[in-house]
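K.L.:
Sending over a structure as structure tokens; questions will come in a sec.
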Amino acid sequence: MRAMPITASQAAVWLAAIAAIGVTGCSDASGDSAAGDSAGGLTEATFVGSPVCAECHAQEHEAWTGSHHDLAMQVANETTVLGDFDNASLTYYGDTSTFTRRDDGYYVRTRGADGELHDYRVAYVFGVDPLQQYLIEFPGGRLQALTLSWDTRPAEQGGQRWFHLYPEEEVGWDDPLHWTGPYLNWNYMCAACHSTDLKRGYDAATNSYQTTWEEIDVGCEACHGPGSGHLAWAEEAAGPAAEADSAGAGGADRYASAADVGLLVDLADRSGGTWTFAPGDSIATRTAPRSSNTQIETCAPCHARRRVVDHGFAPGRPLLDTHRPDILEVGLYHSDGQILEEVYVYGSFVQSRMFMAGVTCSDCHDPHSLQRTRTEGNAVCARCHLHTVYDTPDHHFHEAGTAGASCVGCHMPPTTYMVIDPRSDHSMRIPRPDLTELLGTPNACNSCHDDRSAAWASAAVDEWYGPDRPSHYGEVLHAARAGAPGADAELAAIVRDPSEPGIVRATALALLQGYAGRVALEAIEAGASDPDPLVRVCAAYAMQPLAPSQRLRLGLHLFDDPLRSVRIEAARTFASIPLDSLTPEQAVTIEGGIQELEEAQRVNEDRAFAHTNLGLLYQERGRPGDAEAAYRRAIELEPAYTQAYANLADLYRLMGREAEGEDLVRQALEEVPDDGALHHVLGLLLVRQGRIDEAIGSLRRAAELTPQQARFSFVYAIGLNSNGETDRALAVLDEAHARHPYDPDLLLALITIHRDRGEMEAAVEYATKLVDVLPDDLGASRLLQELQVQAAPGGATP
């Protein structure tokens, strides 16, 4: 950015220039936490079913029976339905639904997608503890999950009642979160993680599903892979007795690999390592490093917030070849990495010291049984943390049996989702109330002592453990999220530090996209060759603003990466490079990656975000007709998906079809009237047509609805200033600057307006801040010098 001032007479021109830029949609629209299709084509092994496995693995099958995996999904009948269907009712924002039973099944009378009350027959039940959901069949093979759920907890714990999943907000029949909408669609959102060998079977031509599964629940082969090869080995080896002796209860560990016994997935640790307390140590260490992360990557697709990039998921395949885990993004995680949104556990666990030390899922959890952990209470932690050191008041300073004496209570504090379902934070961190004071992040101490301040908790920790606290990556991520100057060097240091968790280093790289200069460039170059694939993904992402020559130098090799998530992120980054600027070899490489990127979007073609991503890709590749069709398909699938409208309106701008763009955005605002981004788009459209008074109303609405977007306030203020409403413009800028103190556009606008009003002291003050934000920007430095001269006694007139 060049920090050049503008005069009051140029304000209208500036506003028009802003409007001409339009709106560029995000090239990585999220697929929420959607589940993809599994199995398919990796081998010729076939599924044999859990009952066959049980013939030789009776102990494991007995533990699995009645577990959350076993009861993940069931046909609705008198043994599986837990809710009260004896003419029970629930009133939600004045709307009453009733639950009844008839001879042919269980029925819910509730409001449908047309806004009318209907009787819906329950086809399946979903889950058992602490709540049970109910699935309704619709035409086109769809199953939809009711947001009216049954609390399965005992009555004394507040359970045995119907409740709504969104009790604090009214979700009407025309809301995208209504139970008949895409976010409660079982086929896409839920199915693959609640059944075995699920094939979504979406048909784009008819917008329908033919979803199938091998087993309705999460059976043996959902984790161990199709078992026909193992069954054949057992029969050939000498029958069930020999098979049970060699592979049952961990016996397969005696073989060199799972393949020796016909298994596709090797979940055993073949390093020979054990957890052992060395003399004088209070924490166990492994005698040998883990041989692989296969177990974690087998659990992760269903226990992670991630996006699906390939239909061909099968147990044992590398996670980032089929899925892209979300990093520590705003809205999903607090700046220190603690859970915020419902992110499951993978993204938390891989931040932990436990993961870095080699702990895996089954060290704490019995993967077969209903039990959440292998032992009760603090005993599960005491397997590796000496109880005489850690399970004592000398360590936790709380009375035995209280929450403060619980390892999980302090180091894995829960957050409650779905109204009644507490999920423990698996980052297993040391409580840091000092970070609460600094960053506003939560801490375990105040989750119990909610009547006391973070300062009180921090003082208690200082008294118990001393005042010294190590620096935490959360401090850097917090500053970078706010765009703080100088954060690039600290982000780069995190990227290069192998002792930091991979997901943290990847997040630091993604945040470096907002910084320019040598420090960021060198960190991106290092990240592009990092051993951690998620770091490589984010290195490709961070390259997007770079010049084509820099992208080619730093990232062309990523197209040869063994993992699909890395390759398609590289393709997304390189898609905007014109073909005529490439050598023939480079063009072939990049075109191959772009084809794979397109295929990855087709994996989720039943959702609007995938078509919006395709539209952006086609737009960058100079295919406006295909881009328009993709955006139109996104709108057809999800009429309330506003990003598609915004992107299509921008495409129409580029094609000189402004009138159609205006009609489109107004249509979108009928669907989602309180969407700030759409009001912003409409305001820019009106500016480009010279309808400034109308535009200001739309820009004001955008700024009011979405104050977290500094640009919306900036554009609104420029509009006011160009319309002669300078005082209002300054008020808007002052409020926005308080929220976004490091935003250079806001600072430049404040400088310009104050200078033009002759308020040189204020102009110099904001120019000084601008130089702090952009220390390497010669234009900012020159502007400050000019203003200082003008502000001096006898200085030049502005």
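The values are calculated or read from the model by the stated rules, or taken from the named source; none is laboratory data. As the structure is a prediction and not an experimental result, all values here were calculated from the model. Counting neighbours? That spans all protein chains shown, and the Cβs are built from the backbone with ideal geometry, glycine included. Side chains included, ligands, DNA and RNA excluded: accessible areas come from the protein's heavy atoms. Shrake-Rupley method; radii C 1.70, N 1.55, O 1.52, S 1.80 Å.
K.L.:
Those residues that are open to solvent by 40 Å² or more (accessible area, probe 1.4 Å), touching a Ser or Thr at 6+ places or on another chain (Cβ under 9 Å) and in a loop (DSSP other than H, G, I, E, B), I need them from segment 373-395; list them, please.
P.N.:
ARG374, GLY377, ARG383, LEU386
K.L.:
Related question: Out of SER427, SER447, which single residue is open to solvent by 30 Å² or more (accessible area, probe 1.4 Å) and either hydroxyl-bearing (Ser, Thr, Tyr) or touching a Phe, Trp or Tyr at 6+ places or on another chain (Cβ under 7 Å) (or both)?
P.N.:
SER447
K.L.:
Being in contact (Cβ under 8 Å) with a residue 60 or more places away in the chain, open to solvent by less than 50 Å² (accessible area, probe 1.4 Å) and not in a helix (DSSP H, G or I) is the filter here, so list the residues in segment 284-303 that pass it.
P.N.:
Residues satisfying the conditions are ALA284, ARG286.
K.L.:
Does SER713 meet the test of being touching a helix residue (DSSP H, G or I) at 6+ places or on another chain (Cβ under 7 Å), under 24 Å from TYR652 (Cβ atoms) and open to solvent by less than 20 Å² (accessible area, probe 1.4 Å)?
P.N.:
No.
K.L.:
Next question, about the same structure. Take the residues in segment 667-680 that are part of a loop (DSSP other than H, G, I, E, B) and touching a residue at least 24 places away in the same chain (Cβ under 8 Å), then tell me which one is surrounded by the fewest Cβ atoms within 10 Å (Cβ to Cβ).
P.N.:
ASP674
K.L.:
Only residues in segment 394-418 that are within 22 Å of ARG353 (Cα to Cα) count as the first member; pair them with residues that are surrounded by fewer than 19 Cβ atoms within 10 Å (Cβ to Cβ) and of a type in the set (Ser, Thr, Tyr), Cβ under 7 angstrom, at least 6 apart or cross-chain, and list the lot.
P.N.:
VAL408/SER424; MET412/SER424; PRO413/SER447; PRO414/SER424
K.L.:
Go through (1) within 39 Å of the chain's Cα centre (by Cα); (2) part of a helix (DSSP H, G or I) for PRO775 and report which single condition fails.
P.N.:
Result: PRO775 passes all but (2).
K.L.:
Here's a follow-up. Among the residues of segment 484-498, is there at least one that is closer than 25 Å to ASP745 by Cβ and within 21 Å of the chain's Cα centre (by Cα)?
P.N.:
For segment 484-498, residues closer than 25 Å to ASP745 by Cβ and within 21 Å of the chain's Cα centre (by Cα): present.
K.L.:
Next question, about the same structure. Quick one: what pairs do we get from segment 477-505, first residue under 14 Å from LEU328 (Cα atoms), second open to solvent by 50 Å² or more (accessible area, probe 1.4 Å), C-beta under 7 Å, 6+ apart or different chains?
P.N.:
Close Cβ pairs (under 7 Å, with a partner that is open to solvent by 50 Å² or more (accessible area, probe 1.4 Å)) amount to ARG481/VAL330; PRO501/MET356.
Conditions (1) part of a helix (DSSP H, G or I); (2) closer than 30 Å to ALA767 by Cβ, marked per residue:
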position: GLY656; (1), (2): no, no
position: VAL665; (1), (2): yes, no
position: LEU682; (1), (2): yes, no
position: LEU686; (1), (2): yes, no
position: ALA695; (1), (2): yes, yes
position: LEU699; (1), (2): yes, yes
position: ARG711; (1), (2): yes, yes
position: ALA717; (1), (2): yes, yes
position: ALA736; (1), (2): yes, yes
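K.L.:
Are there any pairs with C-beta distances below 7 angstrom linking a residue in segment 575-589 that is at positive phi to a residue that is modelled with pLDDT of 95 or more and of a type outside the set (Phe, Trp, Tyr), with the two at least 6 apart or on different chains, and if so which?
P.N.:
As it stands, the answer is none, since no pair meets every condition given.
K.L.:
Is there any pair with a first residue in segment 771-790 that is under 16 Å from ARG755 (Cα atoms) and open to solvent by less than 90 Å² (accessible area, probe 1.4 Å) and a second that is of a type in the set (Gly, Ala, Ser) and assigned to a helix (DSSP H, G or I) whose Cβ atoms are under 6 Å apart and which are 6 or more apart or on different chains, and what are they?
P.N.:
LEU783/ALA767; LEU784/ALA767; LEU787/ALA763; LEU787/ALA767
K.L.:
Please work out which one of (1) open to solvent by less than 30 Å² (accessible area, probe 1.4 Å); (2) not polar (S, T, N, Q); (3) not in a helix (DSSP H, G or I) is the condition HIS398 fails and give its number.
P.N.:
All conditions are met except number (1).
K.L.:
If the Cβ limit is 9 Å and pairs must be 6+ apart or interchain, which residue in segment 540-551 that is among the aromatic types (Phe, Trp, Tyr) pairs with which residue that is outside any helix (DSSP H, G or I) and open to solvent by 20 Å² or more (accessible area, probe 1.4 Å)?
P.N.:
Here the result reads TYR541/ASP28, each pair linking segment 540-551 to a residue that is outside any helix (DSSP H, G or I) and open to solvent by 20 Å² or more (accessible area, probe 1.4 Å).
K.L.:
Please verify whether segment 559-576 includes one or more residues that are within 26 Å of GLY615 (Cβ to Cβ), more than 18 Å from the chain's Cα centre (by Cα) and open to solvent by 30 Å² or more (accessible area, probe 1.4 Å). Steps first, answer last, please.
P.N.:
Start the filter on segment 559-576 by keeping residues that are within 26 Å of GLY615 (Cβ to Cβ), which leaves 559, 561, 563-576.
Adding the requirement that they be more than 18 Å from the chain's Cα centre (by Cα) leaves 559, 561, 563-564, 567, 570-576.
The next check asks that each one be open to solvent by 30 Å² or more (accessible area, probe 1.4 Å); those that pass are 567, 576.
Looking through segment 559-576, at least one residue is within 26 Å of GLY615 (Cβ to Cβ), more than 18 Å from the chain's Cα centre (by Cα) and open to solvent by 30 Å² or more (accessible area, probe 1.4 Å).
K.L.:
Only one residue in TRP213, TRP186, TRP150, TRP162 is modelled with pLDDT of 95 or more, crowded, with 16+ Cβ neighbours inside 10 Å and touching a Ser or Thr at 6+ places or on another chain (Cβ under 6 Å), so which one is that?
P.N.:
TRP213
K.L.:
To continue, here is another question. Take the conditions open to solvent by 30 Å² or more (accessible area, probe 1.4 Å), assigned to a helix (DSSP H, G or I) and more than 18 Å from VAL308 (Cβ to Cβ) and apply them to ALA232. Does it pass?
P.N.:
The answer is yes for ALA232.
K.L.:
Further, regarding this structure: Test ILE494 against the criterion of being open to solvent by less than 60 Å² (accessible area, probe 1.4 Å), within 30 Å of ARG536 (Cα to Cα) and among the β-branched types (Val, Ile, Thr), and give yes or no.
P.N.:
Against the criterion (open to solvent by less than 60 Å² (accessible area, probe 1.4 Å), within 30 Å of ARG536 (Cα to Cα) and among the β-branched types (Val, Ile, Thr)), ILE494 qualifies.
K.L.:
Would you point out which residue out of ASP151, ASP174 is acidic (Asp, Glu), in contact (Cβ under 8 Å) with a residue 24 or more places away in the chain and under 15 Å from GLY83 (Cβ atoms)?
P.N.:
Only one candidate passes the filter, namely ASP151.
K.L.:
Hey, can you tell me all the residues within segment 192-210 that are in a loop (DSSP other than H, G, I, E, B) and either free of Cβ contacts under 8 Å to residues at least 12 places away in the same chain or open to solvent by 20 Å² or more (accessible area, probe 1.4 Å) (or both)?
P.N.:
Result: HIS194, GLY201, ALA204, ALA205, THR206, ASN207, GLN210.
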